[in-house]
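K.L.:
Right, I'll just put the structure down here and ask away after.
The values are calculated or read from the model by the stated rules, or taken from the named source; none is laboratory data. Computed from a predicted structure; not experimentally measured. For neighbour counting, all protein chains shown are included, and Cβ atoms are generated from backbone atoms with ideal geometry for every residue, glycine included.
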Amino acid sequence: MIAQLPDIVRELRLDLLATLLGAIILGGAVGLERELHRKPAGLRTNVLICVGAALFTQLSPAIAGAVGDPGRIAAQIVSGVGFIGAGTIIHGRGNITGLTSAATIWLVAAIGMALGAGAILEAVGTTVLVVLVLAGLGRVERFAARRSVVTNLEVEVDDTPEAVRAVEHIINAAGLSVEEKMTTTEGGHVILSFQVRGPRHRQDRSQLELLRSSGAYRVSVVK
């Protein structure tokens, strides 16, 4: 019986089954993190992509035969996954979302290909790193976003050099960085348009100070 074990494994393709089960586990580990954060490509999507990539990579040599290129079919996985990733990217109102989900799909396909090629340790190690990056760096990004917010600010004051300098002094004193500035004159008033960058609490404080101390007729945030 033991002597026949290699034949049984070969006939039932238990090696392929083990590869596909591994793809379900590793793809599911990445997909679960995406699912918990309610991302477009969640648990099922990542599992199916990982399983599909592993299966194509495993079957590629058999389909190619003796005269074909065994890596040709597997190579098309990269371009095929690109179309799926493009479907998760949304562009609207100058903002692009879904890039992380698209990159995750691309990496999950690479993990599946590694499993299909027999590089199990590489696939497991990459999965661990991907989950750590997605879970850990997300907190870092949220912290950085709170520390650096870009706001378009409009301040309407009297058309005098003193009023303009008072507004600029308050913004600089709040520790905000002015990235763009534009001035528009309307009647006896001047509208100062700033694009400022800095922590949210400093921006809120500067807006209150502008209303209180600069003599501004209007302070507004433009979307």
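K.L.:
Select from the stretch 91-116 the residues that are of a type outside the set (D, E, K, R) and not in a helix (DSSP H, G or I) and write down the one among them that is modelled with the highest pLDDT. Walk me through how you get there before you give the answer.
P.N.:
At the first step, the residues of the stretch 91-116 found to be of a type outside the set (D, E, K, R) are 91-92, 94-116.
When the remaining residues are screened for being not in a helix (DSSP H, G or I), the result is 91-92, 94-98.
On the way: HIS91: 54, GLY92: 50, GLY94: 48, ASN95: 53, ILE96: 60, THR97: 67, GLY98: 73.
Residue satisfying both the conditions and the ranking: GLY98.
K.L.:
Only residues that are of a type in the set (Gly, Ala, Ser) and modelled with pLDDT of 90 or more: list them for the stretch 38-54, please. Give the steps one after another, and end with the answer.
P.N.:
Residues of the stretch 38-54 of a type in the set (Gly, Ala, Ser): 41-42, 52-54.
Correct list: GLY52, ALA53, ALA54.
K.L.:
Condition test on LEU153, is it under 30 Å from THR19 (Cβ atoms) and buried (at least 16 other Cβ atoms within 10 Å of the Cβ)?
P.N.:
Values: under 30 Å from THR19 (Cβ atoms): no; buried (at least 16 other Cβ atoms within 10 Å of the Cβ): yes.
So LEU153 fails the test.
K.L.:
Across the stretch 55-90, which residue is modelled with the lowest pLDDT among those that are closer than 17 Å to ALA41 by Cβ and exposed (fewer than 13 other Cβ atoms within 10 Å of the Cβ)? First the steps, then the outcome.
P.N.:
Keep residues of the stretch 55-90 that are closer than 17 Å to ALA41 by Cβ, which gives 77-78, 80-90.
From the residues that got through so far, the ones that are exposed (fewer than 13 other Cβ atoms within 10 Å of the Cβ) too are 83, 86, 90.
Numbers: PHE83: 78, ALA86: 76, ILE90: 67.
Only one residue tops the list, namely ILE90.
K.L.:
Between ALA166, ALA174, ALA216, which is modelled with pLDDT of 85 or more, on the phi < 0 side of the Ramachandran plot, touching a helix residue (DSSP H, G or I) at 6+ places or on another chain (Cβ under 9 Å) and surrounded by 15 or more Cβ atoms within 10 Å (Cβ to Cβ)? Steps first, please.
P.N.:
Working: ALA174 fails: modelled with pLDDT of 85 or more; ALA216 fails: modelled with pLDDT of 85 or more.
So the residue among ALA166, ALA174, ALA216 that is modelled with pLDDT of 85 or more, on the phi < 0 side of the Ramachandran plot, touching a helix residue (DSSP H, G or I) at 6+ places or on another chain (Cβ under 9 Å) and surrounded by 15 or more Cβ atoms within 10 Å (Cβ to Cβ) is ALA166.
K.L.:
Go through the stretch 98-113 and report how many residues are of a type in the set (A, V, I, L, M, F, W, C), surrounded by 22 or more Cβ atoms within 10 Å (Cβ to Cβ) and under 15 Å from PHE56 (Cα atoms).
P.N.:
Number satisfying all stated conditions: 4.
K.L.:
Here's a follow-up. Take the stretch 18-35 and flag every residue that is out of contact with any Leu (no Cβ under 9 Å at 6 or more places or on another chain) and within 15 Å of ALA114 (Cα to Cα). Give the steps one after another, and end with the answer.
P.N.:
Going residue by residue through the stretch 18-35, those that are out of contact with any Leu (no Cβ under 9 Å at 6 or more places or on another chain) are 18, 21, 24-25, 29.
Result: ALA18, LEU21, ILE24, ILE25.
K.L.:
Continuing with the same structure: Look through GLU186, GLU156 and report the one residue that is among the acidic types (Asp, Glu), over 30 Å from ILE105 (Cβ atoms) and at pLDDT below 85. Talk me through it step by step, then tell me what you get.
P.N.:
Values: GLU156 fails: at pLDDT below 85.
One residue alone meets the criteria, GLU186.
K.L.:
Let me ask something else about it. Restricting attention to strands (runs of 3 or more DSSP E) lying wholly within the stretch 142-213, give those where 2 or more residues are under 30 Å from HIS37 (Cα atoms).
P.N.:
On the way: elements: 149-158, 177-186, 189-198.
Of the strands (runs of 3 or more DSSP E) lying wholly inside the stretch 142-213, those with at least 2 residues that are under 30 Å from HIS37 (Cα atoms) span 149-158, 189-198.
K.L.:
Looking only at the stretch 189-210, filter to residues that are more than 11 Å from THR151 (Cβ to Cβ) and surrounded by fewer than 14 Cβ atoms within 10 Å (Cβ to Cβ); which one of those is modelled with the highest pLDDT?
P.N.:
Per the stated criteria, the residue is LEU208.
K.L.:
Moving to a separate point now. List the number of the failed condition for ALA135; all other conditions in (1) farther than 30 Å from LEU32 by Cα; (2) in contact with a helix residue (DSSP H, G or I) (Cβ under 8 Å, 6 or more places away or on another chain) hold.
P.N.:
The single condition ALA135 does not satisfy is (1).
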